[in-house]
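A short worksheet on the structure shown next.
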């Protein structure tokens, strides 16, 4: 607040006007509000990853595994390997045998018996029943988007192998199983 000088009101008014002008110049005109926009762009790739903790499963037969009267034997390995999926889409894991028959390396000079891949069966651990493997892709499990800690995105597989004394000569039998992860 500016007080007027006594006796000279014109001078006081001039002084007040000058002070207000100086004050206005010092403060300056107020700028209008200004805005700026920033656009953030990102690209998220499709994430689709399948890992298997064990890529070799051994199912050895012992002489005591065979039924004395029929010559048949069955061996089961539960939780033989664990498959883990990471995906940002719903997914399907399928499996198939790489060949129609096991490869065979004889230990006693026998001919290759062409042991059918279907002598090996599989199931998701805790699943209802074993299914003989074929050379065609078969859906084993489907799951939700998420990482390996997402419920259902990590699961174990069980295998069951049959043998028969009248069909399987001594030797080493090998069959490759191909797992495929897809996201429709």
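No lab work stands behind these numbers, since they all come straight from the coordinates. The model shown is predicted, which means the values in this text are computed figures rather than measured ones. A quick note on method: Cβ atoms are made from the backbone with ideal geometry, for glycine too, and the neighbour counts reach across all protein chains shown.
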Okay, which of segment 147-184 sit inside 15 Å, backbone N to the point 7 Å along the Cα-Cβ direction of residue 135? 175-178
Sites residue 82 and residue 107 - FRET efficiency at Förster radius 30 Å, r taken between beta-carbons, to 0.05: 0.40
Value of relative contact order over segment 48-182, rounded to a whole percent, pairs C-alpha under 8 Å and six or more apart: 37 percent
Pseudo-spin-label distance residue 176 to residue 151, built 7 Å along Cα→Cβ, given in nm, is 3.8 nm
